[in-house]
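Read the structure below first, then the notes.
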Amino acid sequence: MRVAVVVAAVAAIAALLGAVLTPTLVVRYPEVRAPQPVAGIKVKYRVDGVTRIFKLQSELVLGPGTLDAEIDPINGTITGDLWLPPSYGYFIAFGFVPNTARADLTPVGKVTGTIKDGQIKAHVDVDIKLSEVAVDRQPLDVGQTCQTVEPASIDLEGEFDLNLMPMKGAPYTIPPFGGCQGRERLDALMTGLISGPGNTIDITLTALPSTP
């Protein structure tokens, strides 16, 4: 009887020690982290171009301006801030009257676009403001707020190249003008001379050297 009790006690102790001494296997999995956003490629472009005003059958040189662009190669997008200096145009009104004017094309919001299959498509809205108007070299007072009543909507596309991108625009419409108030109201005159569809635009983006 005593032998049986001793054997049972030894077995119990052995079982206890086995439970205590048996190593526990801990499986550690690598930490899963959220993907980090990829920074876009920032490029500063020189902007040169020309737009042809259909009603006036006259061209307006644009630039040189700048586009501070950010290109996302993963999602295929481009955004940027466009700046254009004033443009000075010469045109003939009514077929025989020479005119000159200053035109300011001011972007409304950012340039946005997509890059796909080696092609870039971009969009920009611009207000067009007129000033320093002269008819047959005589100043014509159009006031300080003579501009389109809404932005002109311009779409451009071309072959994507990070360094040099000639882009051709789809025909666009120049909206009516408002606020052309000097000695008299000239909204209708400016709208009749300039506003309407069928205007064209070509732009070339040239990458500028990056600064340290």
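The values are calculated or read from the model by the stated rules, or taken from the named source; none is laboratory data. What you see is a predicted model, and the numbers here were worked out from it, not measured in a lab. A quick note on method: Cβ atoms are made from the backbone with ideal geometry, for glycine too, and the neighbour counts reach across all protein chains shown.
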Within the stretch 162-182, count every residue that is among the charged types (D, E, K, R) and surrounded by 14 or more Cβ atoms within 10 Å (Cβ to Cβ). 0
Taking the conditions exactly as written (surrounded by 15 or more Cβ atoms within 10 Å (Cβ to Cβ), outside any strand (DSSP E or B) and not acidic (Asp, Glu)), does Leu156 satisfy them or not? no
Being under 24 Å from Lys44 (Cα atoms), touching a Ser or Thr at 6+ places or on another chain (Cβ under 9 Å) and of a type in the set (Val, Ile, Thr) narrows it down to one residue among Val142, Val135, Val108, Val124; which is it? Val124
For the stretch 121-128, does any single residue satisfy the condition of being of a type outside the set (S, T, N, Q) and more than 22 Å from the chain's Cα centre (by Cα)? no
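Taking the stretch 87-115, which residues are closer than 14 Å to Gly49 by Cβ, modelled with pLDDT of 95 or more and not polar (S, T, N, Q)?
Of everything in the stretch 87-115, those that are closer than 14 Å to Gly49 by Cβ, modelled with pLDDT of 95 or more and not polar (S, T, N, Q) turn out to be Ala103, Leu105, Pro107, Val111.
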Against the definition (within 16 Å of Val47 (Cβ to Cβ), of a type outside the set (S, T, N, Q) and under 14 Å from the mean Cα position of the chain (by Cα)), how does Leu162 come out, yes or no? no
Residue hits (the stretch 35-58; surrounded by 15 or more Cβ atoms within 10 Å (Cβ to Cβ) and either modelled with pLDDT under 95 or in a loop (DSSP other than H, G, I, E, B) (or both)) are Gly40, Phe54, Lys55, Leu56, Ser58
Residues of the stretch 167-205 being touching an Asp or Glu at 6+ places or on another chain (Cβ under 7 Å) and not in a loop (DSSP other than H, G, I, E, B), which ones? Met167, Lys168, Gly169, Phe177, Gly178, Thr204
